């Protein structure tokens, strides 16, 4: 890929962010507040101190993993919209491993992360198997499995559930994880973020450099041609969805081990669905997922100080994210608004659409 092509791929995400922030500024202005004051508080809350930077990285970590999950499935022409349920399973099983097993930290932490990822991968592989053998669309199956995972994890930690905290009263949660299972911090830098960055680099290598990645991209581009070339479309579909769900599950596990210290269903609401925004903003590039997640994480981390500086409700951040997602998903709208030539924005529309009609 030439430099010009690479630069054109950056145009749409950059314009989407600018237009999303501009639309948010208009809403803030209409509500009677100063957008500059609001955005100044947002920036200071996210990056104005080492504590703020650490909070931004904490927010960004599960978003990196969720974005990787969606982006990886896209490469196989699949749309994994079940990240929320997969994240919940990963968070719950990591919490169980964290409090139930007493192991040295060098074993306990990786073991909890892997178990969380494997538990989530069962959901993804199930959706992939249904897609490959029965023709069930992965969007439908993963949405339905979100409800299965949500209700299952809520039962696990409910008052009568096997993983309920006996000291929690009516609260649905696991006991606190043992110190040996806690993901450490290097100053204000969460180690979980480093794990997420390493996962992004690994997924980039798998997609671009490995035989598996070649097979996944071939199936995503043309399943019939891939089958003719001797590639098992069934195997690749199941494997791709399984790996995708594994990534989302590890994101939930990191949230439990590095932020919450236990599993509580309410703390993970919506994180899995944000992965869709991240993947689209990153144009399904594994390495680009990291800065995309940092942007959304910074918006979330700085919203509290923004609210304290102005009367702007924190929900405005969700509105801004929705605008960014809209502009990324509709490049024709961006071209129309800015009067750009059709070739000014390099679009991956065909790739993103392939999961719907495959």
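Nothing in this text is a laboratory measurement; each read-out follows from the coordinates by a stated rule. Bear in mind that the values here come from a model prediction, so they are computed numbers and not experimental data. Here the Cβ is made from the backbone with ideal geometry for all residues, glycine too, and neighbour counts use every protein chain on show.
Numbers at a glance
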quantity: Kirkwood-type radius of region 180-312, with distances r between different C-alpha atoms, in Å; calculated: 17.1 Å
quantity: Least to most buried among 210, 286 (fewest other Cβ within 10 Å first); calculated: 210, 286
quantity: Viscosity 1.002 mPa s, 20 °C: Kirkwood-radius Stokes-Einstein D of region 1-110 over Cα pairs, µm²/s; calculated: 118 µm²/s
quantity: Calculated log₁₀ intensity ratio I(q)/I(0) where the Debye formula runs over C-alpha points of region 156-196, q = 0.22, 0.28, 0.31, 0.35 Å⁻¹; calculated: -0.71, -0.83, -0.94, -1.10
quantity: With 10 Å bins from 0: P(r) over region 117-205, alpha-carbon pairs, percent; calculated: 14, 25, 33, 24, 4, 0
quantity: Likely footprinting exposure, 283, 134, 159, fewest C-beta neighbours within 10 Å first; calculated: 134, 159, 283
quantity: Net length gained if the chain between residue 143 and residue 227 were fully extended (0.36 nm per residue, minus Cα distance); calculated: 27.5 nm
quantity: Ranked 204, 50, criterion: other C-beta atoms within 10 Å, fewest first; calculated: 50, 204
quantity: Coarse-grained scattering of region 276-330 at q = 0.31 Å⁻¹, given as base-10 log I(q)/I(0) from a Debye sum over alpha-carbon atoms; calculated: -1.17
quantity: Part-to-part distance (alpha-carbon centres) for region 247-312 and region 67-99, which is given in Å; calculated: 13 Å
quantity: Longest to shortest principal axis, alpha-carbon extents of region 40-194, angstrom; calculated: 51, 43, 31
quantity: Compactness index (Cα Rg / 2.2 N^0.38 Å), region 161-221; calculated: 1.86
quantity: Taking the C-alpha atoms of the chain, convex hull volume expressed per residue in Å³; calculated: 150 Å³
